[in-house]
Every structure is written in structure tokens, then in C-alpha cells.
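Below: the structure, in C-alpha cells.
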Amino acid sequence: MSESNTPNTTPTAVAADAVRILYCRCAYAQVVPPAVKDAVLAGLADAGRGFEMVPDLCEMAARRDPHLAELARGTGPLRIAACWPRAVQGLFVLADAPLPQQGVEILNMRTDTAETVLAGMLAAPEGSAS
């Protein structure tokens, strides 16, 4: 799979009040076990819900990619599959796009199983009827 610097969004439309899902492929640091990354990506694709995949949040933050500010400002809850939550928050700060205090959940593919990350990513939003 070739990595590009352009974020990818699945063709499935996402409702404005739905949870936004962001998946980091961690292409450069390679600190996330490949089997976990691959299983989470496959599970998100199989779920049939819209999500966005970025090649590497670290690289985007180093470039101060304006898309990180768009993600931080977006409406609705945001779930991010990446690595250490504190590191991900720091990356957004580095890019001058701090994440909001509420409505963001970061799941750690570095330490959690693919099943745990997928369950968190695909869970119904708080306060919604399943």
C-alpha cells in the first residue's frame, strides 16, 4: 500500500451529528504494530461507516498541515485511532490546532488490541439511541 500525504475519506456519507472517525496509518515512525494497524483499518472499512485515514499525524503536525486545524474545529465528536493520547494531543498543539477539551476520544493502537480500538471507534455516540 503506498502512502500519500492526502487524507482519504471513505465514500460513505457521514451525518453532521455523527462521530467523526480519524485513523492514523503511522507510516513513518512505525511505532504501532502492523497487525493492529491493518486489523483496525480493515474493521473500519468493513463497518461501512465513513472515516478518514491520514498517512501520519506526526508528519502532518511537523508540516503544520492546515487540515489538522479543520479536524480540531469540526463539529460533532471526534475519535482518533493513533498512538499515545497525550502525544496525539501534543501533535495538534504543535500544529497550532489544539483539540477541544470535550468531544475527542483518542484510542491507542500502540498498546490496545485491534478489537478494543475498533469497539471504541465504532461505539454509538454518547446520548444516542442504538
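The values are calculated or read from the model by the stated rules, or taken from the named source; none is laboratory data. The structure presented is a predicted model; accordingly, all values stated were derived computationally and were not measured. Note: ideal-geometry Cβ built from the backbone for every residue, glycine included; neighbour counts use all protein chains shown.
Selection over segment 77-86 of residues that are in a helix (DSSP H, G or I) and surrounded by 13 or more Cβ atoms within 10 Å (Cβ to Cβ) gives a count of 1. Of the residues that sit in segment 66-76 and are surrounded by fewer than 19 Cβ atoms within 10 Å (Cβ to Cβ) and touching a residue at least 40 places away in the same chain (Cβ under 8 Å), which one is farthest from A124 (Cα to Cα)? Applying the filter and picking the extreme gives H67. Figure legend. Inter-residue proximity from segment 89-118: first residues without any contact (Cβ under 8 Å) to a residue 24 or more places away in the chain and within 27 Å of R63 (Cβ to Cβ), second residues of a type in the set (A, V, I, L, M) and surrounded by 14 or more Cβ atoms within 10 Å (Cβ to Cβ), beta-carbon distance below 7 Å, spacing 6+ or different chains. Indicated pairs: Q89/L99.
Filtered by the rule that a residue be at pLDDT 50 or above and within 14 Å of the chain's Cα centre (by Cα), segment 8-24 gives N8, V19, R20, I21, L22, Y23, C24. Note on segment 25-44: among residues that are over 13 Å from the mean Cα position of the chain (by Cα) and outside any loop (DSSP other than H, G, I, E, B), the one that is surrounded by the most Cβ atoms within 10 Å (Cβ to Cβ) is V36. Of all residue pairs spaced 6 or more apart or on separate chains, none has beta-carbon atoms under 7 Å together with a first member in segment 42-53 that is free of Cβ contacts under 8 Å to residues at least 12 places away in the same chain and a second member that is buried (at least 17 other Cβ atoms within 10 Å of the Cβ). Looking across segment 80-130, just one residue is at positive phi and in contact with a helix residue (DSSP H, G or I) (Cβ under 9 Å, 6 or more places away or on another chain), and that is D96. Within segment 87-127, restricting attention to residues that are part of a helix (DSSP H, G or I) and either small (G, A, S) or touching a Ser or Thr at 6+ places or on another chain (Cβ under 7 Å) (or both), the residue that is nearest to P33 (Cα to Cα) is A114.
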